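Read-outs throughout are calculated quantities, based only on the coordinates presented, and are distinct from any laboratory measurement. Because the structure is predicted, anything quoted here is derived from the model rather than measured. Heads up, the Cβs are rebuilt from the backbone with ideal geometry, glycines too, and the neighbour counts pull from every protein chain shown.
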Amino acid sequence: MHPRRPAARLVLVLSTDGVEAPGTGLLDPADALAARPAGAGDLEAEGLADVLVDDVRRGAHRGDDVAAPVLRAR
């Protein structure tokens, strides 16, 4: 008998260019966004989007708008 594996989860996060930060590599903000859902637990899509946008806003000074639409499938 094999142990039962948890169902796979899919998280799709899109973002505007407002997540970019001056003085960082082009992919650094994307890498940070990609890593964040794993540490956000089982938040629904809306809560995860709030966490991602809050993380970006707490970063370096931003003069641009930020949007991070999230789709989470279970």
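Site pair ASP65 and ALA32 shows an inter-label distance of 2.1 nm when each label is modelled 7 Å from Cα along Cα→Cβ.
The protection proxy used here, the mean number of other Cβ atoms lying within 10 Å of each residue, ranks peptides 43-54, 25-36 as follows, highest first: 43-54, 25-36.
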